[in-house]
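Engineer: This is the structure I want to talk about, given as structure tokens.
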Ligand SMILES: [Zn+2]
Ligand SMILES: [Zn+2]
């Protein structure tokens, strides 16, 4: 079966990579950063283009995607999370992630509670929502007219691309395997530092730390190609970046005083700086084996029962490690669970405890923290 265009194998491959890349960009820029989190504003041209592209290449509806995703953030890694490998198993989410996604997308309560603010115009009501699955049939016809039989194979790749990479890889591996920049209260990970194939969504721990940030990379080696496109759209006057998160710096980077709002925004960054400038320094000084290092650096609330008892017995024989673990847990509690009116006072008390330990790196960290929050006029 011949189509209008005949390409070499590499030609078909490049075409497939380009069209699937556009689909991934529609997901990360339009559905995720724009519609779900409002981290950017999009002009009507890119907005309508992405909506059309998603309809014809995936059949996904904006309201459903947004509602399921916001529900994921609100209930992350609990029994009520629509897709968590922690509660549903990595194999279920990685290989069959589209099933829990569909189940949640059909849940009226989720749609009502989390789907507010998504498009509800004529084209949404009369085409995208009404004929949700017609777009992908048109795409099949277009592919076959253009390329003949190879067009069918390209279509099959297009149909599996999002269910596998978005519903499977991001939702599965992104909460299961990889490194973490931030001690978020969930299991999110950055599973690959170069966000090209999934447009930057590979940096999932960075995203959970700052869900309202348009940029997903934080360290010098991390790449977020989705954000590069957003910057290009902004340059062309087609988008506006509303909020970005700061890049991560070396320990003790900030010298200006913070307001309470800044303190709340940067709590995960503070915990990371504590790890770098206290925990890692002590562990290096004690020549601690890697296995124990991992336990100390893992957030306390993410430890399994087994890991918890191992850590307790290690700390029993090592008062210095016991102190730094205890102080980090306390700092985490103050930053996450204390009422704003009490936060500064408790942090200053915490700094005082650090000084009493006479451990140099702790004293250095606490003086730096005091310099950020100490002047109550600014807090
Ligand atoms: Zn997540
Ligand atoms: Zn999100």
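Engineer: Tilt of helix 340-356 relative to the longest C-alpha principal axis of the chain, in degrees (0 to 90, nearest 10)?
Structural biologist: Once rounded, the angle reads 50 degrees.
Engineer: Also, quick follow-up: For the Cα atoms of the chain, what angle does the longest principal axis make with the long axis of helix 305-316, in degrees from 0 to 90, nearest 10?
Structural biologist: For 305-316 against the chain, the angle is about 30 degrees.
Engineer: If I build a Gaussian network model for the chain, linking alpha-carbon pairs within less than 10 angstrom, which residue out of 36, 188, 47 has the largest mean-square fluctuation?
Structural biologist: 47
Engineer: Something else now. Based on the alpha-carbon gyration tensor of the stretch 41-167 and its eigenvalue square roots a ≥ b ≥ c, which shape applies: rounded if a/c is under 1.5, prolate if not and a/b is larger than b/c, or oblate?
Structural biologist: Oblate shape, in that a/c is at least 1.5 and b/c is the bigger or equal ratio.
Engineer: Angle check, please: helix 9-25 long axis (alpha carbons) against the longest principal axis of the chain (alpha carbons), in degrees 0 to 90, nearest 10.
Structural biologist: In the chain, helix 9-25 runs at an angle near 60 degrees to the longest axis.
Engineer: Hey, what's the Kirkwood Rh for the stretch 260-378 if you take every pair of different alpha carbons, in angstrom?
Structural biologist: Hydrodynamic radius (Kirkwood, Cα only) of the stretch 260-378 equals 14.9 Å.
Engineer: Could I ask something else about it? Once you've got the GNM for the chain with C-alpha springs shorter than 10 Å, pick whichever of 184, 23, 87 has the biggest mean-square fluctuation.
Structural biologist: Largest GNM mean-square fluctuation: 87.
Engineer: Principal axis extents for the stretch 9-241, Cα atoms only, whole Å, descending order, please.
Structural biologist: 51, 41, 39
Engineer: According to the square roots a ≥ b ≥ c of the eigenvalues of the Cα gyration tensor, what is the shape class of the stretch 140-261, taking rounded for a/c under 1.5, prolate for a/b larger than b/c otherwise, and oblate for the remainder?
Structural biologist: Prolate, since a/c reaches 1.5 and a/b exceeds b/c.
Engineer: For n ≥ 4 DSSP H runs only, could you compute -39500 (n - 2.57) per run for the chain, divide by its residues and tell me the 222 nm figure to the nearest 500?
Structural biologist: My calculation for the chain gives -16500 deg cm²/dmol from helical runs alone.
Engineer: Can you tell me the relative contact order of the chain? Whole percent, Cα pairs under 8 Å, sequence separation 6 or more.
Structural biologist: Reported relative contact order: 16 percent.
FYI, it's all coordinate maths here, none of it is from the lab. Treat the numbers as computed from the prediction; the structure is a model and nothing was measured.
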